[in-house]
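Only one structure is covered here, and it is reproduced in the block below.
The values are calculated or read from the model by the stated rules, or taken from the named source; none is laboratory data. Computed from a predicted structure; not experimentally measured. Every residue, glycine as well, gets a Cβ built from its backbone with ideal geometry; the counts of neighbours run over all protein chains shown. What goes into the accessible areas is simple: the full protein's heavy atoms, side chains included, and nothing from ligands, DNA or RNA. Shrake-Rupley method; radii C 1.70, N 1.55, O 1.52, S 1.80 Å.
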Amino acid sequence: VSAVIVFSGGLDSTVALTEATKLHDRVLAVSFNYGQRHRHRELAAARDIARQLGVTHHVVDLGCLAELLPGSSLTDLGIPVPHGHYAAESMQATVVPNRNMIMLSIAAGIAGAHGMEQVITAVHAGDHYVYPDCRPEFMASLDIALNLAFTTAQRPVLDAPYVQLTKAEIVSRGYAMGAPMDLSWSCYEGGARHCGRCGTCVERCSAFEDAGVHDPTLYEDPHYFRTVTEPEPSTTPSGTGGVAT
Ligand SMILES: [Zn+2]
């Protein structure tokens, strides 16, 4: 089987790419420059990891999207990256509208053009809180849409193997496989080191701790994640006439 994988150079997609190289005969890794503030760190990590795994790697340049998709702290330098728990309401600031759909749509086109059978995305359960286009319902719907968008001969199948896994479970999996997680980059700030405070850094720190695996990452603030707690889920459904407070 052959597969195109959407590969950011982050922790989850590094484990997924490692696993794909073991399962598939032919793997093509595709990364995206969408003008994200951490692109230099993230894309360099992606390049190094792909090289280490011996995988062909392409960067799709959508850098012009940054100015067309303002309002996210990832693409708009005027909006600070929020610190705290990755499930917190404040993490809405990191949403880039329809980002996953945009990337998967392009990856599916590449797969179809090259006669490759699968499109892999490493979305996981921790992404569900904030990013609608990382949820299982979206994945199921996109798979149906792809079924309609291609001729039968070209149609790639969408595979989201980690969609129900926590990041800690992905770390355990990566550790068992010997995935080069030490080379991966998560931090949205894109500084010299991982900041340790942004949502994705907090999730990364917690995942290694929960998995009981040594975290090889250098953080500016390695203990911050212990100070943040998961927010209480909202108990008042919106739109039911409840009194606003
Ligand atoms: Zn960070």
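The figures follow:
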| read-out | value |
| --- | --- |
| Where R173 falls short, out of the listed (1) open to solvent by 40 Å² or more (accessible area, probe 1.4 Å); (2) within 20 Å of the chain's Cα centre (by Cα); (3) within 16 Å of the ligand (Cβ to nearest atom); (4) not aliphatic (A, V, I, L, M) | (3) |
| Pairs, first in a loop (DSSP other than H, G, I, E, B) in the stretch 173-194, second of a type in the set (D, E) and open to solvent by 10 Å² or more (accessible area, probe 1.4 Å), C-beta under 6 Å, six or more apart | W185/E42; R193/E220 |
| Those residues of the stretch 92-119 which are open to solvent by less than 10 Å² (accessible area, probe 1.4 Å) and within 15 Å of F7 (Cβ to Cβ), in sequence order | L104, A107, A108, A111, M116, V119 |
| Selection from the stretch 106-134 of residues that are closer than 26 Å to M91 by Cα and without any contact (Cβ under 8 Å) to a residue 12 or more places away in the chain | D127, H128, P132 |
| Candidate set: the stretch 198-245, residues that are part of a loop (DSSP other than H, G, I, E, B), modelled with pLDDT of 95 or more and open to solvent by less than 90 Å² (accessible area, probe 1.4 Å); chosen: the one farthest from the ligand (Cβ to nearest atom) | G212 |
| Residues of the stretch 100-144 satisfying the condition of being in contact with a helix residue (DSSP H, G or I) (Cβ under 7 Å, 6 or more places away or on another chain) and in a helix (DSSP H, G or I) | N100, M101, L104, A108, G126, D127, P132, D133, C134, F138, L142 |
| Conditions (1) assigned to a helix (DSSP H, G or I); (2) out of contact with any Ser or Thr (no Cβ under 7 Å at 6 or more places or on another chain); (3) within 29 Å of T217 (Cα to Cα): number failed by A66 | (2) |
| Only listed residue being under 18 Å from the mean Cα position of the chain (by Cα), under 29 Å from F225 (Cβ atoms) and surrounded by fewer than 19 Cβ atoms within 10 Å (Cβ to Cβ), chosen from A140, A125 | A125 |
| Residue ID - most open to solvent (accessible area, probe 1.4 Å), chosen from residues in the stretch 145-163 that are touching a residue at least 40 places away in the same chain (Cβ under 8 Å) and part of a loop (DSSP other than H, G, I, E, B) | Q154 |
| Residue ID - most open to solvent (accessible area, probe 1.4 Å), chosen from residues in the stretch 18-73 that are among the acidic types (D, E) and within 26 Å of S172 (Cα to Cα) | D25 |
